[in-house]
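The values are calculated or read from the model by the stated rules, or taken from the named source; none is laboratory data. This structure is a prediction, so every number in the text was calculated from the model and none was measured. So basically every Cβ, Gly included, is an ideal-geometry build from the backbone, and we count neighbours across all protein chains shown. Heads up: the accessible areas ignore ligands, DNA and RNA and are worked out on the full protein's heavy atoms, side chains in. Shrake-Rupley method; radii C 1.70, N 1.55, O 1.52, S 1.80 Å.
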Amino acid sequence: MAEDATTLDLSIAPGRLPIADHPRGSAASDLNSREGVRDPPQLDTPPLLFVLDGTGNKVPLLWEQAKEFSRFKSYVEELHARMEDKSWVEKIRKDEFHVAIEASNEVRVILPSLWNDFVHPGMTVLVFMFDETKAPLKKTGSSQAQREFSPTRPEVEIMDVDVDVGQTSEHEPSTGTNSSDGESSVRSDEDDSEVGDSVSDNDDENSEAPSAKPIRAVVQPVDEGGNPLSFTMDTRWAARFLSSVKIEDSSKESLTKTLRNGREMAAETLKITKAVTTTTDSRTTLEVYTLPGPENSVLSSSIGIRWYHLHGEALGWSQYKTTCMTIPDISERTRCLILKTLHKVEKESVKAFLGGLFIEPGTVVRGDECNQAEPQSVIFSCTPYFDIQKSHPSSPDTDRLHPARTLIQSYYPYEPVRDRDEEQAYRSIGNAREGGLIHVPALWMLNVGNRAVVTCGYGPLSSDFIKSIKVIQEDLKQLGAGTGNSKTSVRFTVPDGRVLLYSSQECGTFFQAEQRVKELRRFTRDSWPTNNVQFLLQQQGKETKATPANWPAIIRQRQALFIDVAVVKDNSEKLSSTFSPSLLARPTHDSVPPFYHWPSAISRDEMGSGPVAMDAKHATKCLERVEDAMLNVTLSGYADGPVQRTFTSTKYYESLREDTFENVERSITLQIHRTDSGSRQPQCTHHQNLVRGQSSKLPSKAHDFVKVVHDTLGLFVGDVNKPVLMRKVWGATANIAAVVENLTKHRGYDLDPKEFTDPRWKTPKTQTRAWRIRTPASTYTYANEHATKFHLPLPENDKDFGATLKRCRRCAREIPFDNPDAALEHLHKHAAAEASKPGGSASSSFVRDDESWKDWIRNDDQALLESTMAGACAVLDRAIEEARKIYEALKELADGVRTEQGNLSDLYSFPRKLLETLHRLIVFYFAVERSLHYTEKYFNETKKGGYGEDYPYTDAGLEVLNSFRESTESSLLQAREELCDMVRSTTPNDAAERLSWGAESISSWLIRRLIVKPLEKSMTVGDMYREYLSTLQFQVNHRPGKRLLRSINLLQEELTILAQVNDWQTQLVTNYMSVLDDATYPMDNPSRRALYPYERHLLTSCLDNLALTHEEYDDQIRRCGPLSASTKQSAEINEEDHGKAILVFTIVTVIFLPLSFVTSYLGMNTSDIRDMENKQSLFWETALPLTAGIMATMLAIAYNGDEIRDGPAALRARHQRAAEEARGEESSRVAHHALHG
């Protein structure tokens, strides 16, 4: 066990806070909360489920007893049976209740059948009845107090004055009286369902609640045996925990000192800026770019990943853990999560062997935060791989270290294998290194989010980053070199979370950048849209909206390695589009000519590159084509209306007079000077002040519209006065100025004394007797029931009393009174009812004379004039708004083609759709003139009733201007598409080649590299053993021997070990791929979701390689069996041949050995033998019998040796039996005599 395995056990270490491994999705208990400080949950606390009942009480239940819905329901029934309201119990028994959980910012109902799929330990479940779900369920805040569940919907108070003053019931119906009797009725005859628009000021702005997002199912990552690969940790008490644990200083200086002072392991750091893939000759390589030398504040933002690596002959866990804990710029939460993850590895995976310690190969553990808005994750992995190293003898200092284990040691960790290592098959290979052995080292790797990686191995990273992974240092000399800088890249972060890199030349203009994003969407078939996207420049922690106008200033920034741009979905959020002074250090000169002076595609080819001159002839031709369209093309597809009908023929255009911009501007300027400020005059009535205020605004609004028209036309041509087409436009704006001048002459109607005294008095213009009460949103109902509600100022700006009137059905619907006195009486009743309310106060609004009350009512003539003036202002406001939208869109066209020098890029030519754009734009300007014309005309003619769109200032009438603007923008967008198409890529755009890989992705590359890398001479370990097996097979077939049997058995054993290591590697890759899966994370991570498909493809290819390698090992193991049998058979055959030869040698020896003995005996140099007189016959007489006797004796022994050896033993046995029989007979006789004696 490692050195810290017991001392750092967080569950038993004295004086330290325990850290709980919460199940996924759990939340820390709110129990035992005293004095505002919550203690962290203990390790031995059983998992709980919390129930929030209808009274707001939060009750814990044991998860094991409530994980089934039927058991949960019984607990809920018991819980509500103890409440005062017993009706809930019956509803629960009848299943008339809902259960819900909090997810994101909403409360989502869970079906009972899906209880086990969505409810997990630690969650809080909400219980409410069916009749309490009318309102949409949402979280009401982020704090615990704000998240108290309130199922009932608050009622909206509707005030309706239907009774006389003094009655207590406001909703009791009363009988209406005839106005001729001097009594006014404030009772509404309409049903309550018809007054919804009079309840709230914001009813018109109400919209349907957004649909609930589907609940994201989190999949627990597990290994092949079903064991979890991840755990969760509550880091809310990280500061308290770390304060009790001694942690070294996390500064960069302290980390460098720690690394340099390491006793055994050396250290190196990579400051990675980007990692991209390149393909050459069908070979894909990962290029990792690093920042050389010391970093500064400008370059530090370019560092995306910091990689810390330790290496040595033996790995030290303590030093590695210290390095992980002292990573600079990480939060206390992350540091606490790292400590817990390493402790879990140390406790569960660190093992001992005879030479030291080791971590179980293939270990993968992921730690996740819980109860955090943006949870962090760390991943630890131990990657086994093959390498050839020299064997180092063990020493007493290595018993607490992690040395590299040999191939045999990895399989027999508790056996002495030194002698067996000397017989390793690698030693028998001809090209084996001197003293080298195949080892199974491991690489420790800790991924801290996507920003940092800490690894520990037996060699520098350069020994692992070879061939498939290249480390390249950034060339910082080019930074700040302006256009000569090719190192600065545009780094796009797209909505799906991917980061893609493009050179600054590829995004030299805004439309080039826009086209790159469109191509990315088109070729990758992603789900995020590209029609409505924004570019956000991310710089120094701030986000600035990137537009065609500021793109040249953005692309000029070459001091950093990256220009970070985020591609986001377009929304209504207001973002700044201004830059700091440093971004605009070198101004540019805008030399982009007007659209119609751009060169055509043909002339662009003839001109080639270079600055573009003003092409007057081309502009004249374009204007002629647009004017021809005005004289020959009529618009269709619009609804029937006075403004639209104008353009069904060309008569209107032909009848327009010509004018110039200067004349129109001069005319409107004079009107502005002649018009008073429109301030309130005390001697005037409220009606007159309203009309004067509106009339004073008209000239300024007209001037603003004319200015926008001038600026917009200037984008098309250089001279906006000379062409006939342009002069016609100014003629139309001159008509607008004339209408405005006529309308500004109206100063409001004087008060007629007979209006309130003569019962036969009628309005002079409309000839009616009708009076209506003013409300905050008044309209002219008599003239048109579809008229727009204008929010006109109330008398004395009394909004409180206006709100009171709006809650009245009759006032809100502007139902007319046929007598002004009845209207005044109605106002008096409202004032009296408001003043009589409990707590109400009689403000100045309710104490006034009849002269002041008369400002609150108006007749039809006053309403018509006020509506007309307000309508004219509304038409001009809408016209200015729509015209500015068109101008901004056209200005983007002009800015989108600018280079960083500010001139027109050589890549663009004139888009033909701009001809149609100008045609539709001029029609839009004419439609504005017609809208104001008909506004004045209908007022003068006192037109009554009719269709809603007949009045240009109604909602329908204003939408006509919107439709003309949309028609213009449609062709404008097509012109933009043309410009983007001019800069499309010439080759297919593969997103993988642009992708900037993250830390987990580089780690996946490294894991794959370590597993599939060759050991030497481009040979993998499988290739080397296959070659050695072929050598043995050749020797068995040609030089068989018993010694080959041991070699084959040893080879078979080593192949089995190789297969075991292959299983470890397969387990590692499978588990690492599981913990990288975005579906297994507690919260959705767009970056993780975007990169995982690429990582999965990479690791899947690694698994395929491992599967093929395992099949190869199995095949070699199968080949060893028959090879061993063949060796045995060959050895037996050789032994049979050897027996025959031995027989021949034995016969010769038996014959001639006695002869040699006799010869040697008779040849002895002794006196008795030397002096003998015998002849040769003595030799034969002696030698032949001796030879024959010896041969007979040897044959007898050879063929009857067993009988001869058994003879003496049998004889001894007979003698023993005879002796025993004799002793037995003697004993019998003695016994007999003793018995009968």
Residue-wise, which Karplus ³J(HN,Hα) couplings in Hz belong to region 453-462, taking 6.51 cos²θ - 1.76 cosθ + 1.60, θ = phi - 60°, and x for glycine or proline?
-> 9, 10, 10, 8, x, 9, x, x, 4, 4
Please list, in chain and number order, the residues 5+ apart from Thr232 or on another chain whose amide H is under 5 Å from its amide H, with Hs placed from the backbone.
-> His22, Asp368
Between Thr406 and residues 5 or more places away or on another chain, the pairs with built amide H atoms under 5 Å apart involve Val440
Provide the packing ranking of 803-814, 623-634, i.e. peptides ordered by the mean count of other C-beta atoms within 10 Å per residue, highest first.
-> 803-814, 623-634
Protection proxy (average C-beta count within 10 Å per residue), highest first, orders 456-467, 1004-1015 as 1004-1015, 456-467
Step through the residues of region 274-279 one at a time and calculate ³J(HN,Hα) from phi using the Karplus curve (6.51 cos²θ - 1.76 cosθ + 1.60, θ = phi - 60°), rounding each to whole Hz and writing x for Gly and Pro.
-> 7, 9, 10, 9, 10, 10
By accessible area with a 1.4 Å probe, ligands and nucleic acids excluded, highest first: order of Trp1180, Trp856 = Trp1180, Trp856
At what distance in nm do the modelled label points of Asp95 and Tyr75 sit from each other, each positioned 7 Å from its Cα along Cα→Cβ?
-> 2.1
Under-5 Å amide H pairs with Ser377, H placed in peptide plane, nonlocal only | Gly449
Looking at the square roots a ≥ b ≥ c of the eigenvalues of the Cα gyration tensor of region 976-1121, which shape do they give, rounded for a/c under 1.5, prolate if a/b is larger than b/c, or oblate?
-> prolate
Would you work out the relative contact order for region 966-1106, in percent, from Cα pairs under 8 angstrom that are 6 or more residues apart?
-> 29
Compute the length gained on full extension between Thr768 and Arg1217: take 0.36 nm times their separation in residues and subtract their Cα-Cα distance, giving the result in nm to one decimal.
-> 145.8 nm
Using the Cβ atoms and a cut-off under 10 Å, what net charge is assigned to the surroundings of Val440, where Lys and Arg are +1 and Asp and Glu are -1?
-> 0
With Cβ to Cβ distances under 12 Å as the rule, what net charge do the other residues near Lys707 carry (K, R +1; D, E -1)?
-> -1
Hey, with R₀ at 22 Å, roughly what FRET efficiency would Gln473 and Ser503 work out to, going by the Cβ-Cβ distance, to 0.05?
-> 0.75
Taking 0.36 nm per residue of separation and subtracting the Cα-Cα distance, what length does fully extending Ser1030 through Tyr414 add?
-> 218.6 nm
Taking the highest mean first, how do the peptides 1054-1067, 346-359 order by number of other beta carbon atoms within 10 angstrom per residue?
-> 1054-1067, 346-359
Express the accessible area of region 274-350 per residue in Å², computed with a 1.4 Å probe while the remaining protein chains stay in the model.
-> 35
Counting only the heavy atoms of the protein chains, how much of Asp704 is accessible to a 1.4 Å probe, in Å² to the nearest 10?
-> 60
Compute the signed sum of charges (Lys and Arg +1, Asp and Glu -1) over the other residues within less than 11 Å, Cβ to Cβ, of Asn742.
-> 0
